[in-house]
Amino acid sequence: MPDVPAVYAGSWYDSYAKATTDNFEALSDRFDDQYLVMGAWTHGGVGPWERTFSGELDYGEAATRAYNETRLRFFDRFLKGRDTWDDAPVQYVRLGTGSGGRTARGRLDHGGEWAEAAPGR
């Protein structure tokens, strides 16, 4: 297997969440420049990364992420050598920072915010 930079992107609400984290864990032990991004969206497409909600739960703006901007920053760094990516190896949405009340649209204000970590070794 070649040693190439990679982003493993998933979500707490994705049916592949365990596989995404398992793959990151196994390959980050073997290769440099491996990154895990775990959001609060559902599986598939650009739209979920930029939504503040999933089902009946609202996570707020602090839990969203610009999908195309994230991809471009990664590719600019690792394909073009630009100084556009200095992200932590593990980036995830920490859930449960909201009030627990209802939003104006009737969703539960569950809340969420991005956090960073280093992979466990």
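The values are calculated or read from the model by the stated rules, or taken from the named source; none is laboratory data. Just so it is clear, the structure is predicted and the values come from calculations on it, not from any experiment. Glycine gets a Cβ as well: all are built from the backbone with ideal geometry, and neighbour counts include every protein chain shown. Heavy atoms of the whole protein, side chains included, go into the accessibility calculation; ligands, DNA and RNA do not. Shrake-Rupley method; radii C 1.70, N 1.55, O 1.52, S 1.80 Å.
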**Prompt:** On the given criteria, is ALA40 more than 13 Å from PRO119 (Cβ to Cβ), free of Cβ contacts under 8 Å to residues at least 24 places away in the same chain and either of a type in the set (A, V, I, L, M, F, W, C) or open to solvent by less than 50 Å² (accessible area, probe 1.4 Å) (or both)?
**Reply:** no
**Prompt:** Restricting to the range 33-59, what's the tally of residues that are under 12 Å from the mean Cα position of the chain (by Cα) and of a type in the set (Ser, Thr, Tyr)?
**Reply:** 2
**Message:** What's the total number of residues in the range 76-119 that are open to solvent by less than 50 Å² (accessible area, probe 1.4 Å), of a type in the set (Asp, Glu) and part of a loop (DSSP other than H, G, I, E, B)?
**Reply:** 1
**Request:** Could you identify the single residue in PHE24, PHE31 that is on the phi < 0 side of the Ramachandran plot and not in a loop (DSSP other than H, G, I, E, B)?
**Result:** PHE24
**Qualifying residue in the range 43-65 (condition: more than 30 Å from SER99 (Cβ to Cβ), open to solvent by 50 Å² or more (accessible area, probe 1.4 Å) and assigned to a helix (DSSP H, G or I))** = no
